[in-house]
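Shown next, in structure tokens, is the structure this report addresses.
The values are calculated or read from the model by the stated rules, or taken from the named source; none is laboratory data. Bear in mind the structure is a predicted one, so any value in this text is a computation, not a measurement. FYI the Cβ positions are ideal-geometry reconstructions off the backbone, even for glycines, and counts take in every protein chain you see. When the accessible area is computed, the model is the full protein with side chains, heavy atoms only, and any ligands, DNA or RNA have been set aside. Shrake-Rupley method; radii C 1.70, N 1.55, O 1.52, S 1.80 Å.
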Amino acid sequence: MATGELGDLGGYYFRFLPQKTFQSLSSKEITSRLRQWSMLGRIKAQAFGFDQTFQAYRKDDFVMAFFKDPNVIPNLKLLSDSSGQWITLGTEVKKIEAINVPCTQLSMSFFHRLYDEDIVRDSGHIVKCLDSFCDPFLISDELRRVLLVEDSEKYEIFSQPDREEFLFCLFKHLCLGGALCQYEDVISPYLETTKLIYKDLLSVRKNPQTKKIQITSSVFKVSAYDSAGMCYPSSKNHEQTFSYFIVDPIRRHLHVLYHCYGVGDMS
């Protein structure tokens with residue numbers, strides 16, 4: 001079967017779980033940061049349950065079944081390109097793309113190299129640099145340079161596999177923010193917020209044999225297409241417009257983390 005085309009949807013049924021709240025996006029401290037980063041009112045997490053065993057190799061069938069499900073269609077939220085209001089999909093999904101996002105990191109020590117390489121000072125202050133543009137982002141510090149500029153001398157401190165990790169993706173999204181992002185001078189708000197959202201979305205368990213903690217969730221970056229083209233997470237492509245599906249195969253829960261680039265709530 002071709003990727004994501006509608007075939008046997010394998011009998012997945014979904015239910016919306018409105019009672020599931022995500023503290024990492026709703027606490028007072030985090031909402032004030034998201035406001036500063038121009039992401040408030042444009043980022044959302046939602047939870048759904050499903051009824052069959054999740055098999056990673058059938059992820060495309062799983063995601064397609066999700067977009068077709070009558071319990072999903074009236075509940076899955078996205079931002080309207082025209083009005084900027086939260087809406088539901090309102091169009092028939094014909095094709096999906098679900099890209100595996102590796103999710104193996106269990107510690108924020110992953111980011112210690114930012115200190116080792118003088119991108120962040122020991123005090124936590126982010127080292128400034130001369131302003132340049134990496135469209136549409138203004139680069140005025142070494143952190144954004146290492147995140148965005150492939151030919152910068154320190155880009156290599158994060159390998160390609162590092163950059164594909166869900167922890168890195170989340171951190172990068174928060175650092176880059178929305179259209180009127182006011183950047184932080186110190187690193188800690190980015191690291192703390194990344195850690196809280198990461199922990200909130202993922203499931204872990206202790207391996208009975210090794211006694212080590214392991215992540216049990218699978219993560220996919222998801223786009224959906226109708227007959228006119230891409231319809232989710234938006235009809236416009238942007239590095240900061242994304243939807244991640246985080247699947248807990250044990251509890252049979254699916255968390256959707258969504259953001260659409262634009263001007264966030266200021267009030």
- [ ] Would you mind stating whether Gly84 is under 21 Å from the mean Cα position of the chain (by Cα), within 18 Å of Cys260 (Cα to Cα), at pLDDT below 95 and in the same structural domain as His238 (by the TED database)?
- [x] yes
- [ ] Among what's in the stretch 49-100 and is touching a residue at least 24 places away in the same chain (Cβ under 8 Å) and of a type in the set (S, T, N, Q), pick the residue that is farthest from Ile246 (Cα to Cα).
- [x] Thr91
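Given the criterion assigned by the TED database to the domain that holds Gln36 and open to solvent by less than 70 Å² (accessible area, probe 1.4 Å), identify the matching residue among Ser159, Ser223, Ser188, Ser227. Full working, then the answer.
Values: Ser159 fails: assigned by the TED database to the domain that holds Gln36; Ser188 fails: assigned by the TED database to the domain that holds Gln36; Ser227 fails: open to solvent by less than 70 Å² (accessible area, probe 1.4 Å).
From the options Ser159, Ser223, Ser188, Ser227, the qualifying one is Ser223.
Consider Gln23 carefully, then state whether it is surrounded by fewer than 14 Cβ atoms within 10 Å (Cβ to Cβ) and without any contact (Cβ under 8 Å) to a residue 24 or more places away in the chain. It would help to see each step written out before you state the result.
Values: surrounded by fewer than 14 Cβ atoms within 10 Å (Cβ to Cβ): yes; without any contact (Cβ under 8 Å) to a residue 24 or more places away in the chain: no.
Judged against the criteria, Gln23 is not a match.
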Open item on the list: Can you confirm whether Asp200 is open to solvent by 20 Å² or more (accessible area, probe 1.4 Å), in a loop (DSSP other than H, G, I, E, B) and of a type outside the set (S, T, N, Q)?
Closed with: no
Open item on the list: Within the stretch 195-211, does at least one residue satisfy the condition of being free of Cβ contacts under 8 Å to residues at least 24 places away in the same chain and within 30 Å of Ser267 (Cβ to Cβ)?
Closed with: no
TODO: Please verify whether the stretch 109-126 includes one or more residues that are out of contact with any Ser or Thr (no Cβ under 7 Å at 6 or more places or on another chain), assigned to a strand (DSSP E or B), assigned by the TED database to the domain that holds Leu176 and among the polar types (S, T, N, Q).
DONE: no
Task: Residue list for the stretch 195-235, filter: basic (Lys, Arg) and within 22 Å of Arg58 (Cα to Cα) - done: Lys221
- [ ] Go through the stretch 111-155 residue by residue and tally those that are buried (at least 16 other Cβ atoms within 10 Å of the Cβ) and aromatic (Phe, Trp, Tyr).
- [x] 2
- [ ] Being open to solvent by 10 Å² or more (accessible area, probe 1.4 Å) and hydroxyl-bearing (Ser, Thr, Tyr) is the filter; apply it to the stretch 230-267 and report the residue that is farthest from Ile30 (Cα to Cα).
- [x] Ser235
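Could you check how many residues of the stretch 243-267 are out of contact with any His (no Cβ under 6 Å at 6 or more places or on another chain) and over 16 Å from Ala47 (Cα atoms)? Before you say what the answer is, go through the steps one by one.
Taking the stretch 243-267 as the starting set, the residues that turn out to be out of contact with any His (no Cβ under 6 Å at 6 or more places or on another chain) are 243-245, 247-260, 262-267.
Among the residues that remain, those that are also over 16 Å from Ala47 (Cα atoms) are: 260, 262-267.
Summing the residues that are out of contact with any His (no Cβ under 6 Å at 6 or more places or on another chain) and over 16 Å from Ala47 (Cα atoms) in the stretch 243-267 gives 7.
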